[in-house]
Amino acid sequence: MASAEPLKITRIPSLKTVADFRKHVTSLGIELPCEDNIVAGVESPLGKAIEGVTINGKRIGNRYAIQPMEGWDGTTTGRATEEVRRRWQRFGQSGAKVIYGGEAMAIRPDGRANPNQLIICEENKKDFAEIREILVTAHKERFGNTDDLVIGFQLTHSGRFCKPNDKFRTEPRVAYRHPILDKKFKVTSDDQIFTDDEIDRLIEKYIEAAKVARDVGADFVDLKHCHGYLLHEFLGAHTRPGKYGGSFENRTRILRDIVQGIRAGGNKIDIGVRVSAFDFVPFKPDPAQSQPGKLGPGIPEDFSHCLPYRYGFGVNPNNPVEYDLTEAFQFVQLCAQVGVKIVNLSGGSPYYNPHIQRPAIYPPSDGYQPPEDPLVGVARQINVARQIRAKAPKELVIIGTAYSYLQEYLPHVAQYVVRNGWADMIGLGRMVLAYPGILADATGKGELEKKFICRTFSDCTTAPRNGIISGCYPLDKYYATKPENQKLKEVKKAAGV
Ligand SMILES: Cc1cc2nc3c(=O)[nH]c(=O)nc-3n(C[C@H](O)[C@H](O)[C@H](O)COP(=O)(O)O)c2cc1C
Ligand code: SF4
C-alpha cells in the first residue's frame, strides 16, 4: 500500500467561533452539525430528563453519561485504592445522571486487563459498596437530588488483552484464532481458545457478579461487548465451530445466556450493553514514514491474505476499512428483546485501531499518528449512533461515544445530537478525567473553563500501556505532581509521542 502524506490537522482551539468550526467541518466533507450557542438553564436539551424509561425504578435526570474508564490502580486483589475512590468521587461531581459502569470490572481474576483491575466478587463487596456510596455522596453535595442518578457496573473478561499477573506479560484467552491480531497479542496455540465448557463456566461468573452488583446497590450492570475484549470478540466469532460461533444466533448466545441466568436466579437488576457497533482491521504506524523518535501515520495492516474478512463484528468483509451495520442493527434489536434497557455505542478497539475508538490528535505510545482528521472519527461514531438510534426500539436508551475531541464545541454538537434525537444521551470519556463538570457548566452557566478542556494528549492511555497508573497528567494537578509523571515523560520521549 502506498504511504499516505503526513496530515496537517487544524487544531480545535484555533477555531475561534462556531462559524470557524462549521467551515472546518465542511472542508472535511463530514456531517457533524452543531448549535450556535450553549444553552443554559431549563431550556438546555442536555438538562432534560428521559421520559418513558426507568432504570431500577428511577427516571434518568439529564442527557449526559460518564463512560467507563479503567484506572489500572486497584490493589492486586481487585480492591479499591485512594485513586479509585477519587475517580468515583469526581464522576459523582460531574453532574451526569448515568454513570455507565464506572470502570471495567473483571468477573474473574484471570480476566483482568492488568494486575490492578477491580475484581467484582463476594470478597470485595465492601469496596464496591463504598465507591458507589462515595459517588452518590459527591453528587448529592453538589447537585442535591440523587433520585434521578443511575449507576451501573461494567462487567468484563479481557480475553485477548488479559494481563492478570504482570503489567508487561499478556496471558491471552480468545474466542478464535485471528490472522492479524494473534501475532501482536502473542496467541500461539489453539489451547488459548476458550472451550465451550469453559464459556459455560464463565457465564456463571457473570451471573454471580451481577448478584454482587445488585447486593451493593448498583442500578444496572453493563455486559461489556466492546473494544476487542472477550464478549466483543465472540460477536465476531464467524470462524468458531460449536454453539458459540458461526451464526448470529450462536455468536450472541453468551449475551442471551447471561441475561437468562441473571433472571433465573431472581436477580432483577437492570441490564445495559456496551458494544463496538463497528470495526475495522487493525492499524499500525506506516514504517515508511516512521522515524526514530516519531511514530508514522496509521495505515491498515495488510489484510489481502484474509479476505473475505470474517474476523470482526460490524465490518465490511470485502473491504474491512469500512463499516457494515447490518448485524449491529440486529444486535440492538436482540438487546431490546431480551430486556436490556441501555445500549452504549462505541467502535473499534483502543488496542488495534485507536483512531476509530478514541479520536485524538496525539497518539498513545502503542498507536500511530492520526491517519485522518480526528473529527472524521468523531463524526463516524456520531453518525453510526444516529443510524442505530433511528432503527432501535424507542424504549431503549441509546448512548453515543467519542465526543471528547470536540473540545470547545462539545456542548454545541451534544445539544444538536440530543435535540434532534440522534442519540438519547451523550457519553463522556477522556473529557471527564480532565474536566468532570464540563456539561454541568454548560447546562448551568452556559460557558466552559477552557483551562480544563481535554486536548487529547493521550497520556491517560500511554501511562497504563507502560505500566503506570492512568490519569490526566497534563491537566489534573493530582497526577501532575505524582512521581509517575516524570516516568511518563521519559516513556513518551522514548516512544516518539
Ligand atoms: C484511560 C481510559 C480507560 C478506559 N477504560 C474503559 C473501560 O474500562 N471500559 C470501556 O468500555 N471503555 C473504556 N475506555 C473508553 C472510553 O469509555 C471511551 O469510549 C473513549 O475514551 C472515547 O470517548 P471520549 O472521546 O469521550 O474519550 C477508556 C478510555 C480511556 C481514555
Ligand atoms: S491525558 Fe488528559 S488531556 Fe490527555 S487525553 Fe487524557 S484526559 Fe485528555
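The values are calculated or read from the model by the stated rules, or taken from the named source; none is laboratory data. Computed from a predicted structure; not experimentally measured. Glycine also receives a Cβ, built like all others from the backbone with ideal geometry; neighbour counts cover every protein chain displayed. Keep in mind that these areas ignore ligands, DNA and RNA; they rest on the heavy atoms of the full protein, side chains included. Shrake-Rupley method; radii C 1.70, N 1.55, O 1.52, S 1.80 Å.
Here ASN116, ASN145 are screened, and the one residue that is open to solvent by 20 Å² or more (accessible area, probe 1.4 Å) and touching an Asp or Glu at 6+ places or on another chain (Cβ under 8 Å) is ASN116.
Tell me, which residue of segment 270-322 that is of a type in the set (A, V, I, L, M) and assigned to a strand (DSSP E or B) is surrounded by the fewest Cβ atoms within 10 Å (Cβ to Cβ)?
Among residues in segment 270-322 that are of a type in the set (A, V, I, L, M) and assigned to a strand (DSSP E or B), the one surrounded by the fewest Cβ atoms within 10 Å (Cβ to Cβ) is ILE299.
Scanning segment 22-70 for residues that are within 16 Å of ligand 2 (Cβ to nearest atom) and touching a Leu at 6+ places or on another chain (Cβ under 9 Å) returns ILE66, GLN67, MET69, GLU70.
Got at least one residue in segment 88-97 being surrounded by fewer than 14 Cβ atoms within 10 Å (Cβ to Cβ) and part of a helix (DSSP H, G or I)? The answer is no, given that none of the residues of segment 88-97 is surrounded by fewer than 14 Cβ atoms within 10 Å (Cβ to Cβ) and part of a helix (DSSP H, G or I).
Residue-by-condition table, conditions (1) away from ligand 1 (no atom under 16 Å from the Cβ); (2) in contact with a Cys (Cβ under 7 Å, 6 or more places away or on another chain); (3) open to solvent by less than 40 Å² (accessible area, probe 1.4 Å); (4) assigned to a loop (DSSP other than H, G, I, E, B):
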{"position": "VAL42", "(1), (2), (3), (4)": "yes, no, no, no"}
{"position": "LEU46", "(1), (2), (3), (4)": "no, no, yes, no"}
{"position": "GLU51", "(1), (2), (3), (4)": "yes, no, no, yes"}
{"position": "ALA65", "(1), (2), (3), (4)": "no, no, yes, no"}
{"position": "TRP72", "(1), (2), (3), (4)": "no, no, no, yes"}
{"position": "THR76", "(1), (2), (3), (4)": "yes, no, no, yes"}
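Looking only at residues in segment 453-497 that are charged (D, E, K, R) and near ligand 2 (Cβ under 8 Å from one of its atoms), which one is surrounded by the fewest Cβ atoms within 10 Å (Cβ to Cβ)?
Looking only at segment 453-497, we keep the residues that are charged (D, E, K, R), and these are 455, 459, 465, 476-477, 482, 484, 487, 489-490, 492-493.
If we keep only those that are near ligand 2 (Cβ under 8 Å from one of its atoms) too, we end up with 455, 459, 476.
Values: ARG455: 18, ASP459: 28, ASP476: 20.
The qualifying residue surrounded by the fewest Cβ atoms within 10 Å (Cβ to Cβ) is ARG455.
Is one or more of the residues making up segment 78-91 under 30 Å from VAL417 (Cα atoms), out of contact with any Leu (no Cβ under 6 Å at 6 or more places or on another chain) and among the aromatic types (Phe, Trp, Tyr)? No, every residue in segment 78-91 fails to be under 30 Å from VAL417 (Cα atoms), out of contact with any Leu (no Cβ under 6 Å at 6 or more places or on another chain) and among the aromatic types (Phe, Trp, Tyr).
Could you tell me which residue of segment 438-451 is nearest to ligand 1 (Cβ to nearest atom), considering only residues that are part of a loop (DSSP other than H, G, I, E, B) and open to solvent by 50 Å² or more (accessible area, probe 1.4 Å)?
Step one: filter segment 438-451 for residues part of a loop (DSSP other than H, G, I, E, B), giving 445-449.
Retained after the next criterion (residues that are open to solvent by 50 Å² or more (accessible area, probe 1.4 Å)): 445, 447, 449.
Details: LYS445: 21, GLU447: 20, GLU449: 18 Å.
Checking each candidate, the answer is GLU449.
To keep it simple, each residue is scored yes or no on (1) touching a strand residue (DSSP E or B) at 6+ places or on another chain (Cβ under 6 Å); (2) within 24 Å of TYR229 (Cα to Cα).
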{"position": "TYR351", "(1), (2)": "no, yes"}
{"position": "ALA360", "(1), (2)": "no, yes"}
{"position": "PRO393", "(1), (2)": "no, no"}
{"position": "VAL397", "(1), (2)": "yes, yes"}
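Return the residue satisfying two criteria in turn: it lies in segment 360-399 and is among the β-branched types (Val, Ile, Thr) and more than 15 Å from ligand 2 (Cβ to nearest atom), and of such residues it is nearest to ASP36 (Cα to Cα). Restricting to residues being among the β-branched types (Val, Ile, Thr) and more than 15 Å from ligand 2 (Cβ to nearest atom), the top hit is ILE382. Exactly one condition in (1) within 13 Å of ligand 1 (Cβ to nearest atom); (2) open to solvent by 10 Å² or more (accessible area, probe 1.4 Å) is false for ILE426; which is it? Condition (2) is where ILE426 drops out.
Looking at ALA402, ALA414, which one is away from ligand 2 (no atom under 11 Å from the Cβ), surrounded by 23 or more Cβ atoms within 10 Å (Cβ to Cβ), over 30 Å from THR81 (Cα atoms) and not hydroxyl-bearing (Ser, Thr, Tyr)? Exactly one residue qualifies, and that residue is ALA414.
Being open to solvent by 20 Å² or more (accessible area, probe 1.4 Å) and outside any loop (DSSP other than H, G, I, E, B) is the filter; apply it to segment 335-348 and report the residue that is farthest from PHE280 (Cα to Cα).
Looking only at segment 335-348, we keep the residues that are open to solvent by 20 Å² or more (accessible area, probe 1.4 Å), and these are 336-339, 341.
Within this subset, residues satisfying the condition of being outside any loop (DSSP other than H, G, I, E, B) are 336-337.
Details: ALA336: 26, GLN337: 27 Å.
Step by step, filter segment 335-348, then rank; the result is GLN337.
Based on this model, can you work out whether CYS454 counts as assigned to a loop (DSSP other than H, G, I, E, B) and either under 20 Å from the mean Cα position of the chain (by Cα) or within 12 Å of ligand 1 (Cβ to nearest atom) (or both)?
Details: assigned to a loop (DSSP other than H, G, I, E, B): yes; either under 20 Å from the mean Cα position of the chain (by Cα) or within 12 Å of ligand 1 (Cβ to nearest atom) (or both): yes.
Here the answer is yes, as CYS454 does meet what is asked.
Of the residues ALA328, ALA379, ALA360, the single one that is assigned to a helix (DSSP H, G or I), surrounded by 18 or more Cβ atoms within 10 Å (Cβ to Cβ), touching a residue at least 60 places away in the same chain (Cβ under 8 Å) and within 15 Å of ligand 1 (Cβ to nearest atom) is ALA379. Just a yes or no: is a residue in segment 457-476 assigned to a loop (DSSP other than H, G, I, E, B), within 12 Å of ligand 1 (Cβ to nearest atom) and over 23 Å from ALA402 (Cα atoms)? Scanning segment 457-476 turns up at least one residue that is assigned to a loop (DSSP other than H, G, I, E, B), within 12 Å of ligand 1 (Cβ to nearest atom) and over 23 Å from ALA402 (Cα atoms).
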